[in-house]
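The values are calculated or read from the model by the stated rules, or taken from the named source; none is laboratory data. Model, not experiment: these values are computed from the prediction. A quick note on method: Cβ atoms are made from the backbone with ideal geometry, for glycine too, and the neighbour counts reach across all protein chains shown.
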Amino acid sequence: MRLPNESEGLLRKIVESVPSGILLVNTQGNIMLCNSELEAMLGYEPHELLGKKIEALVPFSVRDKHPAMRAEFAAHPSKRQMGAGRNLTALKKDLSEIPVEIGLNHVYLGTEMYVIAAVVDITERVRQEERFRTIVESVPNGILMINKFGKILLSNTPLEKMFGYEKGELIGQEVEVLVPTRFREAHPQHRRKFAEEPQKRRMGAGRDLTGLKKDGQEIPVEIGLNHMTVGGEQFFLASVVDITERKITEQKLQKAYQEVQQKNQEMEQFVYTVSHDLKAPLVTSASYMDFLREDIEEKNFEGIHDSLMRLENAHRRMKDLIEDLLQLSRVGRIELSDETVSLSSLLDDVQESLKEILSAKNIQVETAGVDYSIRVDSRRMYQVFENLFMNVTKYAADGPDPLLRVFTQRTDNELRICVKDQGPGIDPVYHQKIFGLFQRLDNKQEGTGVGLAIVARIMQLHDGKAWVESMPPNGSEFWVSLPLERVVL
Ligand code: ADP
C-alpha cells in the first residue's frame, strides 16, 4: 500500500512541518502517512504506525463503532471537528489515553480519496480546566459564569444546591431563570450596563436582592460581580451567597431592639406613673394624719373615725396599686409556657370562677365559635379573659339584661377572639389610651387601670394583639388575636 508517487515527497514535507499531529488514512482505514509529532504524542517509534489500522489509536470503548463512523465520513466528506461536544481521547501505544481534539478533512490524491486528521493533545488544557473546576467547586459560595448573552456557562454545586437544581441543569439556560419574575424584564438591561462598565462590585448596592429557586421559592442573596476576558471574549462571574440565615438574625436583632425600646418607654412611663399615682394616696394619708392629730387633740371621736377610715382607704389603694404593678412586671419577666388548651374550657373556667359576681350583676354569658385548641400559656390566657370579663361586670352591667358575648373570627393569619358587651361603649379617642398603664376613664369603679395593660402585654408575648372597637352608646368589643401558628384546631 503506497501513496501515488508524484505526491509523496512533497506531502511528507508539508505534513512533517505542521505543528500538530497529522494522519492520512485511506478509505479502508489504513494509516498511509503520519508525522513525527503524532508518533511522539502517542508514544510510537518513527514509521511504526504506517500501514496499521486507524482503530489502533481509538480507545477500546468506542473501537467497535469506529469503522461505521469512518464509512459515514467517507460517504459525506467535509471539513469538520470530530465528535463535536464529546470528550475525545486517543489510545497511546502503552494503552493509556490522552484527551485530544481532532479536525477532519478529505483530500484526493489522483483518484483515491484520503481522510486527513489533525490531532492536538489537549492534556494540559483539560488539566487546567479541571484545576479551575476544582477551585470553583471548592469555593463555599455559589459561582456562576455567564457569557455576554446571559447564557450560563458554568455553575458550581453550592450554587445548584442553593437554587434547587440538578448538577449541570443550569448550563445553557439564561441567567434570568434565577431572577424573580417581577425583576426579570429589567435584568438584561442591568447586564448590558455592567458589560459596558465592568468593574468588580456588589450587585444592587443598598437594595435587598432575591434569587428565585427552581421550586418558585425566593431567597435573599448577596451577589458579587466580576468580569474576565478570554480570547477577546467577555465573560461575567457572579459569586452568590444565600443570606437567609443572616436576614433571620437581623430580624431577630431588630425585634429585640424594638422590644428593648418599648421596655424603655414602659419603664419611663412606669417611673412617671409610680411617682404620680402612688403619691396620691400618700398625699391623702398625710392630710388625714393632720386631721387625725387635730381630732385627737379636740377629742372629736367622729372625726377620728372618719380620718382613720380614709387612711385605711388610702392604704388599701396603695396596696392595690403595688400588687397590680407587681403582677404586670411579673407578666413580662416570667417565661411563657407553651400548652395546648381548649379555648372553650378556658372560657368556662373563667366564667366558673366569676360566677358569683356575674350572677350578682345579672350578666348572661354566651359563647359561639370557640371550639379551638390553642397553644398558649394557659394561666396568662386565663388572666386575659378574667380581666375582660371583670371589666364587663364593672363597666357594662348597668343596662337591662346585660349580656356578655364571646365569639371568634378567623383570618388568613390569625384567630381573633372578641368579648362583647352592651355597656356604654368607649369613645374612640380613648381606644388606645385605656391599654396604657394606670389609664382609667371611670373612677366610680374600683380599679387601678392596670388590667388592660396586662391584657395587651400578655397578647404581645403570644405574638398577638389586643384592641377595642366601640362606638358609644353601643357597647364595646374587646378583641384579642393569636397567630394561626398557635391555633391547633
Ligand atoms: P381598671 O379596670 O382597673 O380601671 P383596665 O385597664 O382594665 O383598668 O381598664 C381601663 C379603663 O378602660 C377602665 O377604667 C374603664 O374606664 C375602661 N373600660 C374597660 N373595659 C370597659 C368596658 N367593657 N366598657 C367600658 N369601659 C371599659
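Out of the residues in region 187-229 meeting the condition of being in a loop (DSSP other than H, G, I, E, B) and more than 23 Å from the chain's Cα centre (by Cα), tell me which one is surrounded by the most Cβ atoms within 10 Å (Cβ to Cβ).
Step by step, filter region 187-229, then rank; the result is P198.
Of the residues making up region 450-489, those that are touching a residue at least 60 places away in the same chain (Cβ under 8 Å), outside any helix (DSSP H, G or I) and of a type outside the set (S, T, N, Q) are V450, H462, A466, G475, F478, W479, V480, L482, P483, V487, V488, L489. Within region 152-174, the residues that satisfy the criterion of being within 18 Å of Q234 (Cα to Cα) and in contact (Cβ under 8 Å) with a residue 24 or more places away in the chain are L153, E174. Specify the residue that is modelled with the lowest pLDDT; the eligible residues are those in region 43-102 that are in a loop (DSSP other than H, G, I, E, B) and among the hydrophobic types (A, V, I, L, M, F, W, C). Across region 43-102, the extreme among qualifying residues is A84.
Pick from region 418-437 the residues that are part of a loop (DSSP other than H, G, I, E, B) and near the ligand (Cβ under 8 Å from one of its atoms): which of them is surrounded by the most Cβ atoms within 10 Å (Cβ to Cβ)? For region 418-437, the residue satisfying everything is D421.
Restricting attention to region 391-417, the residues that are over 20 Å from D348 (Cα atoms), more than 42 Å from the chain's Cα centre (by Cα) and more than 10 Å from the ligand (Cβ to nearest atom) add up to 4. Of all residues in region 30-55, those being under 60 Å from the mean Cα position of the chain (by Cα) and under 20 Å from T123 (Cα atoms) number 7. Pairs are defined by a Cβ separation below 6 Å, a sequence spacing of at least 6 or placement on different chains, a first member in region 42-66 that is surrounded by fewer than 16 Cβ atoms within 10 Å (Cβ to Cβ), and a second member that is in a loop (DSSP other than H, G, I, E, B) and charged (D, E, K, R); the pairs so defined are G43/K92; G43/K93; G43/D94.
Scanning region 127-157 for residues that are surrounded by 13 or more Cβ atoms within 10 Å (Cβ to Cβ), in contact with a helix residue (DSSP H, G or I) (Cβ under 8 Å, 6 or more places away or on another chain) and of a type outside the set (A, V, I, L, M) gives N141, G142, K148, G150, K151, N156, T157.
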